[in-house]
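Structure first, then comments.
The values are calculated or read from the model by the stated rules, or taken from the named source; none is laboratory data. Here the structure is a predicted model, which is why all the values come from computation and not from measurement. All Cβ positions, even for glycine, are placed from backbone atoms using ideal geometry, and neighbour counts span all protein chains on display. Side chains are part of the model used for accessible areas, which takes the heavy atoms of the whole protein and leaves out ligands, DNA and RNA. Shrake-Rupley method; radii C 1.70, N 1.55, O 1.52, S 1.80 Å.
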Amino acid sequence: MAEQLLSDDFLRQLMNVGEVDLVVDLPTHNHAAIVGKVVQAVRVGLLKYFPRERAVLINSDAGSRDGSVQAVLQAAAASLPADAARSSLRTFHAVTASRGEGASTPSGLVPLMAAADLLQAKACAVISPTESVNPDWIQHLLGPLYRREFALVAPLYRRHKFEGLLIKLLLYPMMRAMYGKRIREPYPTDFGFSGRLASELLAGPMAWEPEAEGMGDQLWLTTSAVANGHAVCEAFLGAKAQTDHTSDLVRAMRQTAGGLFASLPGNVERWQTIQGSEPVPLTDGGAETTSEPLRLNRKRLYAMFRSGVTELQPVLSAILAAKTLAELTGFAAADEEHFCFPDALWARVVYEFAVSYHKAVISRDHIIQALVPLYRGKLYEFLTQNRHATAEEVEGRVEALCLVFERLKVYLLQLWNGQEGASYEGNDPPRAEPDVGRSGEGVCASGATADRDAGSGSRGMAHRVCSAGCGAGHPAYQPV
Amino acid sequence: MVRGILRISRFERLSENAGTARLLNKAALPSSSELLSAFVFWVTWLGFFLLGISELGLGLQQHISHLFLYLPRILVAALIVLFGLAAASFFSRAALLAAVNSNWPSPRLISGAIRFALVVLALAMAFEQLGLAEQTIIAAFSILFGALMLGLAIAFGLGGQHLARRMLERRFSREHEREHEDELSPL
């Protein structure tokens with residue numbers, strides 16, 4: 001079965017390699033400038049941590065025109081630096097394969113899994129070529145898999161407090177609420193998976209569903225692993241170098257929210273029974289957040305949110321519940337000074353989008369595109385509220401948002417199961433929150449007029465409590 | 001009987017898989033099996049009605065045969081309008097979303113113009129299929145489309161000079177602004 005997924009040339013190269021213990025995949029697309037160093041780091045890591053194991057490096061290239069493939073092969077054949085040179089007990093293999101032309105993310109995961117399955121590999125790591133890669137990554141990503149303790153290793157990075165906000169505000173909270181696992185980077189560029197997991201997923205039906213191809217491969221892997229009850233852990237890899245400076249939010253939304261929404265029907269029996277969430281084991285270190293000053297144009301975000309809500313009324317009315325849309329329109333009509341976007345409203349919006357996506361009330365791609373302006377509104381609110389917040393405070397607010405998503409999951413279930421009069425009554429119950437995390441229920445930031453973020457520094461952030469629709473008047477939570 | 005056969009042959013499921021059901025739903029039409037059985041009913045009813053008239057010997061045989069020959073054209077024209085409306089709805093919404101997410105001015109105007117153009121095109125094609133005033137319809141469509149494009153060109157070139165200037169200025173000044181902004185990766 002696995003052979004059918006591989007091109008003849010790739011299959012021929014793999015057959016020359018024979019069985020291996022470890023597979024390391026380097027997805028490249030015009031990375032000739034740095035890929036040599038990355039290959040050297042991988043080789044040093046393999047020699048240092050797995051000297052007795054058989055390993056192969058697979059370079060899956062997306063049509064590079066700068067000689068990335070040649071650079072990989074040269075670096076794989078070159079001698080290692082003197083300080084790292086050790087006598088290897090095994091021959092180091094490097095093979096190349098082509099993946100989707102122009103793809104900038106490590107797509108083509110299914111062929112890689114097929115290759116790992118064919119080679120009988122015990123562990124496989126995917127590493128995006130960046131300056132940050134060092135030999136220790138090999139141990140962090142492959143070690144827990146090779147010892148057969150875990151089936152999937154997700155990374156943790158040192159990141160700026162405002163980096164990866166689509167993950168923090170949407171993907172992580174919803175995925176955590178759905179599958180009950182607190183995986184901070186569910187859409188990683190560097191990760192590891194066991195050969196056993198690869199074989200199981202290849203044999204399962206999900207790998208062949210067309211929709212699974214449309215979502216980010218990495219997200220598909222993560223959701224499949226947690227939904228099927230595989231052991232997942234996190235490993236701290238250090239600073240994350242930016243590989244995808246995309247300002248194309250629509251594309252990012254398709255890869256993340258689109259992928260997550262698409263994964264829900266296939267795993268419905270699993271996620272419907274999950275309540276709450278639990279952390280996954282950390283093998284090394286922990287997430288680190290930095291808060292250097294940044295210059296951000298928040299006004300543009302706010303303007304795009306407002307125009308989006310105004311202009312997209314006909315589209316949003318097909319997706320959102322009338323009450324949710326009315327609340328959203330009300331908040332969008334408020335001036336910048338008094339703007340707020342409560343966490344509970346955001347969670348409801350995301351859940352209603354997920355259900356509309358499932359029911360395909362309009363084109364699914366249009367549903368994802370319509371979510372983008374609303375995310376900009378939440379993003380604006382988050383940036384405004386946290387512009388002077390410390391890293392810990394930001395983490396606390398993300399945690400508060402996640403708890404709101406978890407609590408409102410019952411509302412999603414009602415909508416999903418088509419219960420008439422799905423209710424989110426009491427989605428803002430009074431409860432103990434982390435002091436720093438009082439961002440969600442009816443508490444919004446004021447002073448949103450500043451054009452530029454001054455970065456961290458002062459902690460004297462003003463808050464105000466919204467009046468109508470922001471939490472007041474909701475009774476205690478009552479599942480229907 | 002037709003409805004029963006369609007139910008047994010799971011025509012509804014086939015229609016859902018083919019996407020026809022969604023299309024009909026969006027056009028606020030009944031389900032595909034309902035539509036098909038209604039069509040068969042009315043064709044049969046009309047057939048027997050016309051046969052009855054022809055048996056009366058009123059000299060209408062030629063007209064009746066013409067009417068029968070015309071039926072497929074009506075069906076094709078209806079399908080053209082149906083798909084035209086669905087396409088207009090899809091593409092106008094796609095344009096609206098793209099315009100909003102790209103922060104273009106007047107997204108609804110762009111979306112409405114696309115919907116209007118596609119609906120007019122579908123109607124023109126349907127009328128042509130029916131053979132109703134073919135030349136007039138084609139001429140009217142050509143004039144309308146040409147006038148629309150010319151009007152847009154003139155409006156943009158003359159009336160919208162300042163708007164065009166503002167748009168270009170805004171675009172370049174925004175590019176200028178972005179140079180001084182930090183870029184945040186959403187992922």
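Charged side chains reduced to their Cβ positions (Lys and Arg at +1, Asp and Glu at -1) give region A:3-288 a dipole of some 680 debye around its Cα centre. When you restrict to C-alpha pairs under 8 Å that are six or more residues apart and normalise by the size of region A:3-288, the relative contact order lands at 21 percent.
Order B:61-71, B:30-40 from most to least packed using the mean count of other Cβ atoms within 10 Å.
Numbers: B:61-71: 12.0, B:30-40: 15.9.
Most protected by this proxy first, the peptides run B:30-40, B:61-71.
For region B:31-142, the gyration tensor built on C-alpha atoms gives an oblate shape. Its axis ratio a/c (a ≥ b ≥ c) is at least 1.5, and a/b is not larger than b/c.
What is the mean number of Cβ atoms from other protein chains located within 10 Å of the Cβ atom of each residue in peptide B:108-114, rounded to a whole number? Intermediate values should be presented prior to the final figure.
Values: counts 5, 0, 0, 3, 0, 0, 0.
So the per-residue partner count for this stretch is 1.
Pairs from the table (A:LYS181/A:LYS359; A:LYS240/A:LYS359; A:LYS37/A:LYS299; A:LYS161/A:LYS359) lying more than 31 angstrom apart at Cα are A:LYS240/A:LYS359; A:LYS37/A:LYS299; A:LYS161/A:LYS359.
About the Cα centre, and with charges only on the beta carbon of Lys, Arg (+1) and Asp, Glu (-1), how big is the dipole of region A:116-160? Nearest 20 debye, please. Can you show the working numbers first?
On the way: 5 positive and 4 negative charges, 27 e Å.
In total the dipole reaches around 120 debye.
Here's the list of lysines a cross-link from A:LYS122 could span, going by alpha-carbon distance under 22 Å and ignoring same-chain residues fewer than 8 apart: A:LYS48.
When ligands, DNA and RNA are left out and all protein chains stay put, how many square angstrom of accessible area per residue does region A:3-288 have with a 1.4 Å probe?
Working: 10750 Å² over 286 residues.
Averaged over the residues of region A:3-288, the accessible area is 38 Å².
The B-A contact accounts for roughly 2800 square angstrom of buried accessible surface, both chains included, probe 1.4 angstrom.
For the peptide A:366-376, the mean number of other protein chain Cβ atoms found within 10 angstrom of a residue's Cβ is 3. Per-residue mean of foreign Cβ neighbours for B:127-138 is 0 (Cβ atoms of other chains, 10 Å radius).
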